[in-house]
Amino acid sequence: MKYDVALDNALARLHEEGRYRTFIDIERAQGRFPQAVWNRPDGERQEITVWCGNDYLGMGQHPTVLAAMHEALDATGAGSGGTRNISGTTVYHKRLESELADLHGKQAALVFSSAYIANDATLSTLPKLFPGLIIYSDELNHASMIEGIKRNGGAKRIFRHNDLAHLRELLAADDPDAPKLIAFESIYSMDGDFGPIEGFCDLADEFGALTYLDEVHAVGMYGKRGGGVAERDGLSGRIDIINGTLGKAFGVFGGYIAASDKMCDAIRSYAPGFIFTTSLPPAVAAGAAASIALLKTPEGQKLRDAQQLHARILKMRLKSLGMPIIDHGSHIVPVHVGHPVHCKALSDMLLRDYGIYVQPINFPTVRAGQSGCGSPRRRFTTPSRSIIWSGRWMHCGRTAP
């Protein structure tokens with residue numbers, strides 16, 4: 001086989017379809033969030049405003065977070081030195097997991113290197129713990145959930161997006177004695193719609209199923225203490241496993257699950273994605289713990305309120321211009337373009353001429369014909385869509401341009 005030719009053909013297809021992804025080289029400016037500098041391909045440097053990061057509240061530059069990271073770095077050095085089982089567990093990791101358990105009202109939490117790994121490792125491990133487990137998954141669940149469910153080798157059922165009636169049909173058709181788990185998200189980042197969490201919990205109670213909730217785009221952003229949509233709606237106690245990230249609203253890096261002591265103990269003991277991975281650097285764990293603690297306070301609520309306000313302002317401005325935005329009431333503001341080539345051209349124009357950075361979102365992150373610009377999230381097996389995702393990343397202290 002001519003391997004170079006095969007690679008050339010694969011990359012050419014992406015260019016032809018307008019789906020080739022370009023990395024934009026930016027330097028975030030500390031203390032000036034969301035301002036940054038774009039290192040242009042021509043060697044020039046251009047001031048820009050970042051509209052497509054997930055550091056929703058600017059916590060990645062918050063003085064409290066930076067101070068905690070500096071303290072841990074000076075105290076312990078750069079890396080953790082090993083996996084959690086072999087010298088990679090420190091006081092900073094334990095403190096972080098304690099903050100996370102408290103955030104979600106759970107007995108325990110388990111930190112991974114990313115929310116993707118947390119989803120993949122947990123969902124692929126659960127059938128080892130519950131032989132015969134059937135997982136019921138929303139069709140628009142994140143790629144990491146899909147991958148974990150595929151790899152576990154167990155039975156799976158895919159229900160139509162947010163369709164409780166379809167989920168009920170699938171549950172009712174299976175063996176009532178089989179172990180079951182319903183996997184879903186609180187906010188689906190590509191359209192910004194909410195999952196019917198209470199309805200999922202009601203069905204789980206009726207059919208004896210566990211519940212698995214991905215709160216990646218909601219933790220830090222919703223709830224009185226930033227515990228997510230489940231906290232906001234008073235449903236955290238009905239969720240068996242909550243997945244979240246430390247790299248979006250908390251502004252640092254990593255992922256986690258929060259659950260019962262026994263569940264976390266079993267996952268850490270059986271999941272290869274946890275067992276064989278070097279643990280987070282202590283400085284990262286310290287910064288994440290500080291960010292979570294701060295967002296539990298009234299100061300954190302002020303940041304959430306301001307961010308939501310600016311999302312609403314942006315939506316009103318875009319609607320007044322007749323822009324085709326998708327508004328489900330969350331902080332996410334998708335603008336549908338519809339063609340990947342047009343979407344990329346629009347993104348390039350905004351960056352070059354106006355200093356506004358919004359990244360195109362194309363297949364396989366979104367479905368075919370639905371392209372847009374924003375933060376990559378979900379993977380599908382069908383072709384995609386083009387959209388500009390803007391505004392959801394505007395700093396709460398600034399107005400949208």
- Message: Can you compute the charge dipole magnitude of the range 30-91 about its Cα centre, using +1 on each Lys and Arg Cβ and -1 on each Asp and Glu Cβ, nothing else charged? Give it in debye, rounded to the nearest 20.
- Response: 120
- Message: Treating only the Cα positions of the range 173-227 as identical point scatterers, give the base-10 log of I(q)/I(0) from the Debye formula at each q in 0.14, 0.15, 0.23 Å⁻¹.
- Response: -0.45, -0.50, -0.90
- Task: Run the dipole for the range 255-339 about the Cα centre, Lys and Arg Cβ at +1, Asp and Glu Cβ at -1, nothing else charged, and hand back the magnitude in debye, nearest 20.
- Result: 320
- Task: Give me the percent of DSSP beta bridges within the chain that run antiparallel, rounded to the nearest 5.
- Result: 55
- Output ordering of 101-114, 2-15 (per-residue mean of other Cβ within 10 Å, highest first) is 101-114, 2-15
- Message: Name the residue from Leu57, Pro282, Gly154 whose Cα lies farthest towards the positive end of the charge dipole of the chain, charges +1 on Cβ of Lys and Arg and -1 on Cβ of Asp and Glu.
- Response: Leu57
- Message: Can you work out the Karplus-derived ³J(HN,Hα) for every residue in the range 276-281? Use 6.51 cos²θ - 1.76 cosθ + 1.60 with θ = phi - 60°, whole Hz, and x for glycine or proline.
- Response: 9, 10, 4, 6, 4, x
- Pairs Lys156/Lys296; Lys94/Lys224; Lys248/Lys344; Lys224/Lys315; Lys106/Lys302: which exceed 32 Å Cα-Cα? Lys156/Lys296
- Query: Using just the C-alpha positions of the range 24-64 as equal point scatterers, what log10 of I(q)/I(0) does the Debye formula give at each q in 0.28 1/Å?
  - Reply: -0.97
- Task: Please report the Cα spread of the range 232-280 along all three principal axes, rounded to whole Å, starting with the longest.
- Result: 36, 29, 11
- Message: Nothing charged except the Cβ atoms of Lys and Arg (+1) and of Asp and Glu (-1): what's the magnitude of the dipole of the chain about its Cα centre? Round to the nearest 20 debye.
- Response: 560
- Using only Cα atoms, locate the centre of the range 61-139 and the centre of the range 308-344, then give the distance between them in Å, rounded to an integer. 33
- Shape descriptor, the range 96-175: equivalent ellipsoid semi-axes (Cα gyration tensor, sqrt 5λ, whole Å, largest first) stand at 25, 15, 13
- Query: What is the calculated FRET efficiency for Leu164 to Glu44, with r their C-beta to C-beta distance and R₀ = 56 Å, to the nearest 0.05?
  - Reply: 0.60
- State the extension gain, in nm to one decimal, for the chain segment bounded by Ala67 and Asp8, taking 0.36 nm per residue of separation less the distance between their alpha-carbons. 16.6 nm
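Send over the semi-axes of the range 4-141's equivalent ellipsoid, whole angstrom and largest first, taken as the square roots of 5 times the C-alpha gyration tensor eigenvalues.
Computed over the range 4-141, the values are 34, 29, 17 Å.
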- Stretch gain in nm, segment Asp177-Glu17, where the contour uses 0.36 nm per residue and the Cα spacing is subtracted: 52.8 nm
- Message: Counting other C-beta atoms within 10 Å, and keeping those with at most 15, which DSSP coil trypsin sites (Lys or Arg not before Pro) do you find in the range 26-60?
- Response: Arg32
- Item | Value of D in µm² per second that Stokes-Einstein yields for the range 295-350, Kirkwood Rh from Cα pairs, at 10 °C (1.306 mPa s) | 121
- Task: Mind giving me the FRET efficiency for Val91 and Ser269? R0 is 22 Å, r the Cβ-Cβ distance, nearest 0.05 is fine.
- Result: 0.50
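None of the figures in this text is laboratory data; all of them are computed from the coordinates on show. Not measured: the values here are computed from a predicted model. Counting neighbours? That spans all protein chains shown, and the Cβs are built from the backbone with ideal geometry, glycine included.
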